[in-house]
Amino acid sequence: MFVHPQFDPIAFQIGPLAVRWYGLMYLLAFTLVLVLGRWRIARGLTKLTARDLDDLLFFGMLGTIVGGRLGYVVFYKASHYLAHPLDLFKVWEGGMSFHGGLIGVIVAMLIFARRRGFSFWTVADFVAPLVPTGLAAGRTGNFINGELWGRPTDVPWAMVFPQHDALPRHPSQLYEVFGEGVLLFILVWWFARRPRAEGAVSGVFLIGYGIARFCVEFTREPDDFLGLLAGGLSMGQWLSLPMIAFGIGILIWSRRNPRPGATLA
């Protein structure tokens, strides 16, 4: 059994400015997207240019932050924010939803694609292989903060999170780093190495993330203000099921409409 290291959430401080680890993880996530995106562009694996990537990253950052926050408000604590609407802006207190962030990014990609004259799937299939490294960075931030801990367990690698209680628990944040980050990155990056029909890469990403998140949720402590929902499933699992279904639907559609996609090598 291990004990969480109890990291200081503040990485460093310059005068009154406190830089938090979670903010650094967001910065790392967007940096990895930029580096990997430029790598793919330099090798001619997309129609997008480096300038397109810079602009797309800006749109994506807005979509991630706005969508992630609104997703958390709507999916997890709607009644609270209806009663206390100003709390919506207290982002320093935490509260982001991946599924909301995904919707925000999709909206951002739709706007970007329309403005630049690209097919939506050209943009989405370019972005999909870049996302898992950002997810890994975000989950690392959750672990550093000692939040989103797992359910009680007696496995040898169980971890105590003293900021919560003295029970040994699954280090579910690290499971997500591995599943939603490392494994999903390998899967989508490998799949995108060859020419695929439009939408196929995006479909694989949705299926892969949905399955990884659904499985890890069995070890993750459900939010105390929600608990488990119908069927004994968590909110994260119920939100992941439509992702898997949409991913399968996109793959079927792409096979029936095999238009050349953005992945050209």
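The values are calculated or read from the model by the stated rules, or taken from the named source; none is laboratory data. Just so it is clear, the structure is predicted and the values come from calculations on it, not from any experiment. Cβ sites come from the backbone with ideal geometry, for glycine too, and all protein chains shown count toward neighbours.
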(1) more than 20 Å from L36 (Cβ to Cβ); (2) among the acidic types (D, E); (3) touching a residue at least 60 places away in the same chain (Cβ under 8 Å); (4) surrounded by 22 or more Cβ atoms within 10 Å (Cβ to Cβ) all hold for E217 apart from (3)
The correct count of residues that are within 19 Å of the chain's Cα centre (by Cα) and of a type outside the set (A, V, I, L, M, F, W, C) in the range 167-198 is 8
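Let's see how each residue does on (1) free of Cβ contacts under 8 Å to residues at least 24 places away in the same chain; (2) in contact with a Gly (Cβ under 9 Å, 6 or more places away or on another chain); (3) within 19 Å of S202 (Cα to Cα):
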| position | (1), (2), (3) |
| --- | --- |
| V33 | no, yes, yes |
| L36 | no, no, yes |
| L57 | no, yes, yes |
| T64 | no, yes, yes |
| L82 | yes, no, no |
| L86 | yes, no, no |
| F112 | no, yes, yes |
| R115 | yes, no, no |
message: Looking at the structure I just gave you, is V182 surrounded by 23 or more Cβ atoms within 10 Å (Cβ to Cβ) and over 18 Å from S234 (Cβ atoms)?
response: no
Check: Taking the condition closer than 24 Å to W149 by Cβ, of a type outside the set (S, T, N, Q) and more than 24 Å from the chain's Cα centre (by Cα), does F12 pass?
Finding: no
A192 fails exactly one of (1) within 23 Å of L102 (Cα to Cα); (2) out of contact with any Gly (no Cβ under 7 Å at 6 or more places or on another chain); (3) without any contact (Cβ under 8 Å) to a residue 40 or more places away in the chain, namely (3)
Of the listed residues (S240, S254), the one being small (G, A, S), assigned to a helix (DSSP H, G or I) and either farther than 18 Å from L102 by Cβ or in contact with a strand residue (DSSP E or B) (Cβ under 8 Å, 6 or more places away or on another chain) (or both) is S254
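Can you tell me which residue in the range 41-54 is surrounded by the fewest Cβ atoms within 10 Å (Cβ to Cβ), limited to those that are assigned to a helix (DSSP H, G or I) and touching a helix residue (DSSP H, G or I) at 6+ places or on another chain (Cβ under 7 Å)? Before the answer, list the steps.
Within the range 41-54, the subset assigned to a helix (DSSP H, G or I) is 41-42, 50-54.
Then keep just the ones that are touching a helix residue (DSSP H, G or I) at 6+ places or on another chain (Cβ under 7 Å); that gives 41, 50, 52-53.
Working: I41: 18, A50: 11, D52: 18, L53: 22.
Going through the qualifying residues, I end up with A50.
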For R193, the lone unmet condition from (1) modelled with pLDDT under 95; (2) closer than 28 Å to H80 by Cβ is (2)
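Quick check: is even one residue across the range 2-24 aliphatic (A, V, I, L, M) and part of a helix (DSSP H, G or I)?
Step one: list which residues in the range 2-24 are aliphatic (A, V, I, L, M), which gives 3, 10-11, 14, 17-19, 24.
From what is left, the residues that are part of a helix (DSSP H, G or I) are 24.
Checked the range 2-24: at least one residue is aliphatic (A, V, I, L, M) and part of a helix (DSSP H, G or I).
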Taking L88 as the residue in question, decide whether it is part of a helix (DSSP H, G or I), at pLDDT below 95 and not hydroxyl-bearing (S, T, Y).
yes
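Name the single residue that is nearest to I252 (Cα to Cα) among those in the range 186-202 being touching a Phe, Trp or Tyr at 6+ places or on another chain (Cβ under 7 Å) and in a loop (DSSP other than H, G, I, E, B). Write out each step before concluding.
Quick first cut of the range 186-202, residues touching a Phe, Trp or Tyr at 6+ places or on another chain (Cβ under 7 Å) only: 188, 198-199, 201-202.
When the remaining residues are screened for being in a loop (DSSP other than H, G, I, E, B), the result is 198-199.
Working: E198: 11, G199: 10 Å.
So the residue we want is G199.
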Checked the range 139-177 for anything assigned to a loop (DSSP other than H, G, I, E, B), of a type outside the set (A, V, I, L, M) and either crowded, with 19+ Cβ neighbours inside 10 Å or without any contact (Cβ under 8 Å) to a residue 60 or more places away in the chain (or both); matches are E147, W149, D154, F161, H164, D165, H170, P171
